[in-house]
Every structure is written in structure tokens, then in C-alpha cells.
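Since every read-out is calculated from the coordinates, none of them should be taken as a lab result. If you're wondering where the values come from, they're calculated on a predicted model, not measured in any experiment. Cβ placement follows ideal geometry from the backbone for every residue including glycine, while neighbour counts extend to all protein chains displayed.
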Amino acid sequence: MLELLNISYSVDDENGRVDIIKDVTLALDDRFIAITGPNGSGKSTLAKIIAGIIKPTSGKIILDGEDITELSIDERARLGISFAFQQPVKFKGITVRDIISLASGKTLPLSTVCDYLSQVGLCARDYVDREINDSLSGGELKRIEIATIMARGTKISIFDEPEAGIDLWSFQNLIQVFDRLREKTDGMILIISHQERILNIADKVILLADGRIGSYGSREEILPGMMSGIVDVCGKVAEQEN
């Protein structure tokens with residue numbers, strides 16, 4: 001279980017102190033959780049706080065009973081937290097086979113590497129020896145990144161707006177990949193997204209507005225009134241701050 005206890009995050013700019021995440025408390029233990037909300041609501045910031053890329057201003061993060069608030073991103077990775085960026089990292093000179101083996105922590109037989117690639121909808125013989133560079137499209141890079149996360153077998157796999165920067169065809173295939181990942185993974189999948197098709201395959205949906213939890217529940221509870229809910233939450237937050 002992942003617990004966020006009174007998490008807040010603030011930064012200082014030329015206009016003074018800006019509160020980005022405001023006293024967020026959550027207990028997460030479902031297989032597939034989506035965090036959504038308006039632009040600027042703090043979705044990606046919250047994901048990076050969980051991964052250890054950003055340290056919260058206040059509050060605690062508890063993973064399976066252990067306080068990991070002060071742990072670095074490397075230390076959290078060793079505990080089983082993975083993070084996929086909006087724009088996947090490229091590695092000149094490293095092949096797809098190399099990166100999947102590195103992610104698993106051991107030398108994988110070719111058949112196993114090919115199986116991971118097949119699970120994300122890529123023809124193994126066309127990709128296994130390709131370098132992870134600009135010759136790959138955004139959709140291809142994201143599917144390879146998902147394959148590496150599957151090879152790692154992490155407790156928590158975080159995806160920050162995986163639909164960003166890819167074309168419609170790639171996005172449609174990405175939905176199928178996440179649907180298969182949801183069925184096969186033993187850990188938690190946490191996706192930051194505002195795409196309805198991704199939200200529709202989530203077990204639970206968290207709605208953020210202005211850095212606060214607007215609502216949290218099953219997709220059946222949240223999605224039907226989500227748009228009006230965003231407006232209502234933003235209005236309530238504005239009233240609280242005036």
C-alpha cells in the first residue's frame with residue numbers, strides 16, 4: 001500500500017510563495033489508478049513526489065509501512081517504484097535488447113526479450129537490435145519503455161501523461177498495451193492522464209483541482225460527472241481561499 005499523509009509542495013517565485021500541492025492525503029492499494037484534472041492542477045508534481053524526483057515541502061510518504069519521504073529516487077527505485085516520463089529518454093549506442101535486460105537486472109535470453117516486446121505490440125525481430133535513438137517514433141519509445149517496466153516487475157509503475165506527443169494511431173495502440181499491462185501486472189499502475197479512454201480502464205480515478213483532492217473513487221463514480229465536478233471543485237477551492 002502507498003500512503004500519502006498531508007503532502008504539500010510549495011515553491012518561491014518573483015511573486016512570492018506558490019502552493020502547488022495542498023495537504024493531500026490518500027491511501028492507494030488498487031491495481032490501476034488514474035490521476036486526472038485541469039492543466040496546472042498538480043498532477044505531474046504529485047507523481048514526481050511519489051517517485052522521489054521532487055521532495056515535498058511537508059507531509060509523509062509511506063510504502064508498505066515504511067516511511068520513504070527522505071529516500072532518493074534511486075533508493076525508491078530499489079524498493080520497487082518506477083517512473084516513465086512524458087518524453088522517454090533516448091540512449092545512443094544502447095539497443096532495445098540491452099535496455100530490457102538492464103531493467104530486469106539480469107541477462108535475459110532473447111526469447112524473453114521478444115516476449116516483452118510482443119506484449120507491448122511490437123514485432124520483436126524488427127526492434128530487438130535497434131538503438132534507442134531518434135529513429136524510433138514517440139509511440140515506439142513509449143511502448144519500449146513500458147516493456148522495460150514490465151521486465152523490472154516493480155511494485156508501483158508511474159506513467160506521466162503517456163499520451164503526450166504521440167499520434168492517434170499510436171495512442172489507440174497504447175490503450176491496448178495498458179489494458180494488457182493491467183491484466184498481467186502484479187503491482188500498482190499509476191497513470192497521470194486527462195484522456196477519457198485511459199480513465200475508462202482505471203480501477204480508481206483521483207480528480208485533482210488546484211493542488212487538492214476534488215474526488216476519489218471508482219471510474220463509475222467519478223467519470224459521469226467529472227467535467228461538472230472540476231468546475232464545482234475549482235469553485236469551492238476559490239471560495240476557501242477568498
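Every Cα-Cα pair in segment 168-208 was counted, and those over 17 Å apart are 28% of them. Computed about its Cα centre, the charge dipole of segment 2-241 is approximately 660 debye, with only Lys, Arg, Asp and Glu carrying charge at their Cβ. A cut-off of 5 Å between modelled amide H atoms, ignoring neighbours fewer than 5 places along the same chain, links Phe83 with Ile158. In this structure the amide hydrogen of Ile206, modeled in the peptide plane, comes within under 5 Å of the amide hydrogens of Ala34, Ile35, Thr36, none closer than 5 places in sequence on its chain.
3J(HN,Hα) along segment 58-73: 7, x, 10, 10, 10, 10, 6, x, 9, 6, 10, 3, 8, 6, 6, 4 Hz, from the Karplus curve 6.51 cos²θ - 1.76 cosθ + 1.60 with θ = phi - 60°, whole Hz, x for Gly and Pro.
The loop-placed trypsin sites (Lys or Arg not before Pro) in segment 86-145, going by DSSP, that have at most 13 neighbouring Cβ atoms within 10 Å of their Cβ come out as Lys90, Lys106.
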